[in-house]
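Presented below is the structure to which this report refers.
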Amino acid sequence: MIPVFLLSLLNLSSLLTALVLLLLSYVFRTYIVTSRNSPSLPPGSFGWFPFLGQTVSFIAPHCSSSRGHFIEQNIRRYGTIFRSHLFGHPTVVSCDPDFNSFVLHNEERLFLSSYPSNIPGILGQLTLLVATGDVHKRLRAVALNLFATMKAQNEFFLSDIENNALRVMRSWKNKERLVFCQETRKFTFSVIVKQILSLGPEDPVTIEILDNFTTFMKGLCSIPLNLPGTAFARAIQAKHRIKAITKTLLHQRRRGEGREGQRKMDFMDVLITHDELSEDEILSLVLDLLLGGYETTSMLIAIVVRFLSDCPKALNELRKEQRKLRSSKMGDEALTWDDYQKMTFTHSLIHEALRCGNVVKFVHRKTIKTIYYKGFEIPSGWKVLPVFTGVHLDPSNHANPLDFNPWRWQEDEKGVGGGGGGKIFTPFGGGKRLCPGSDIAKLEAAIFLHHLVLNYSWVPLMENDWPLSLPYLDFKHGLPLSIRSLSQSDQSHCCNVNARN
């Protein structure tokens, strides 16, 4: 009879043998068979780590105003289109503006949105990031309608943005230090929650949603391990709590409750008018709008301020434009849509911050059939990652691309001009998935900057605290600032929120 311990060793040996064979099979299939059967694949390397491939190198934190070591190294070796193995899949990485545009504008025909499992795992299958086909088309149409409604009510909307900016800045009285990213998040969340749900910043429901949203954001890019205590599991729980809160508000609204004294329709009212939307789709859209209106816009404002801190010439030009604008108004008269359109240098500044700071580094797509492009063959089912940073910081697309130069947008650099279009500038994506709230994000940033530069001066307390690609954008220390209210003689107007409400 074979002793028990020998049986255990045999079982262990069999298990290890099986694992080794599985590993070898994976390597053979992915790294040998694929390459042999596809001689026209883009150049590159899959790496030698099963499943992970080169993912760790690709997502390694780096300053968002650089392309990062992984991209730089591969472009030098292989060019702007190369293959790799990322997020568990054979992948083509593109820093080529023409191919990026080709991918973005062939949605549903040749490519589909295909994000790693943590995104649908937390946001759900109905999020605009993940949804495809008719579902995505229908939900996106509703989102575009919502933002069109917001613009149509621009008097009320501009007033809400401005009042929230002034309220946040009023809270800085007697403060000498701020963690600036916390302040921009307070501002953007107050704006979007007012537009969606008509909730004020001090409303207990707003505070509850924001508390859960903080937990939600921390897990959004975490490892998709749904075990108690993990960031991923906590994010899912926070998502369910946010949806439960908004579901209660939705039911109240349908019963005609909670709208007493409201001056205008909010997003929830508009969503209710769309009979074709299910309750789950409404709740998913609310979550998408909260996410888009909260994080990306707050980071946009933060990167503008960080770049201005090291560019006094641009800061002086911005103050000059905003002071001229303010001098044409009576006292603390509210800003108008015409005022916003006159902020030409402000627009250039925002475009340059988006190009240099790269709020969104790349997007995830998947081929739905074999693609042939410029002599390359990309097999069906492969991932394709259009990397916007690779284009925005390419010297062949932008002169001296690492220099923060807002004046480049007042010229006609490669046909981009001041409008911020074309293939070489895609901060909000493109094609059918172009961010529907991009114009609103720039509007919020401009209004916040108007009041900031007219009322405050600042100095970063940590010179090395630059925006990082993690791969989502954030500041390691939240951008702490030493801030000072400008003297009355230096101000063009005073930050008096009481007179505005």
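Numbers below:
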{"item": "The one condition in (1) among the hydrophobic types (A, V, I, L, M, F, W, C); (2) in contact with a helix residue (DSSP H, G or I) (Cβ under 6 Å, 6 or more places away or on another chain); (3) open to solvent by less than 10 Å² (accessible area, probe 1.4 Å); (4) within 29 Å of ARG140 (Cβ to Cβ) that LEU354 fails to fulfil", "result": "(2)"}
{"item": "Residues of the range 128-149 classified as at pLDDT below 90 and buried (at least 17 other Cβ atoms within 10 Å of the Cβ), total", "result": "3"}
{"item": "Elements of type helices (runs of 4 or more DSSP H) contained in the range 127-222, each with 1 or more residues being free of Cβ contacts under 8 Å to residues at least 24 places away in the same chain and in contact with an Asp or Glu (Cβ under 7 Å, 6 or more places away or on another chain)", "result": "154-170"}
{"item": "Residue match in the range 86-108 (condition: within 18 Å of ARG365 (Cβ to Cβ), β-branched (Val, Ile, Thr), in contact with a His (Cβ under 7 Å, 6 or more places away or on another chain) and not in a loop (DSSP other than H, G, I, E, B))", "result": "yes"}
{"item": "Filtered residues of the range 431-464 (kept if touching a helix residue (DSSP H, G or I) at 6+ places or on another chain (Cβ under 8 Å) and more than 17 Å from THR297 (Cα to Cα))", "result": "GLY431, LYS432, ARG433, VAL453, LEU454, ASN455, TYR456, TRP458, VAL459, PRO460"}
{"item": "Filter result (touching a residue at least 12 places away in the same chain (Cβ under 8 Å), outside any loop (DSSP other than H, G, I, E, B) and open to solvent by 30 Å² or more (accessible area, probe 1.4 Å)) within the range 282-314", "result": "GLY292, THR296, SER309"}
{"item": "Matching residues in the range 211-227 - criterion: being closer than 11 Å to ILE245 by Cβ and open to solvent by 20 Å² or more (accessible area, probe 1.4 Å)", "result": "ASP211"}
{"item": "Test set (1) at pLDDT 95 or above; (2) open to solvent by less than 40 Å² (accessible area, probe 1.4 Å); (3) closer than 18 Å to ALA445 by Cα - ARG167 fails condition number", "result": "(2)"}
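For every residue, the table says whether it meets (1) under 24 Å from the mean Cα position of the chain (by Cα); (2) on the phi > 0 side of the Ramachandran plot; (3) of a type in the set (S, T, N, Q); (4) not in a helix (DSSP H, G or I).
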| position | (1), (2), (3), (4) |
| --- | --- |
| ASP338 | no, no, no, no |
| PHE345 | yes, no, no, no |
| VAL360 | yes, no, no, yes |
| GLY381 | no, yes, no, yes |
| VAL391 | yes, no, no, no |
| PRO401 | yes, no, no, yes |
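The values are calculated or read from the model by the stated rules, or taken from the named source; none is laboratory data. Since the model is a prediction, treat every value here as computed from it, not as a measurement. Methodologically, a virtual Cβ is constructed for each residue, glycine included, from the backbone with ideal geometry; neighbour enumeration extends over all protein chains shown. Side chains are part of the model used for accessible areas, which takes the heavy atoms of the whole protein and leaves out ligands, DNA and RNA. Shrake-Rupley method; radii C 1.70, N 1.55, O 1.52, S 1.80 Å.
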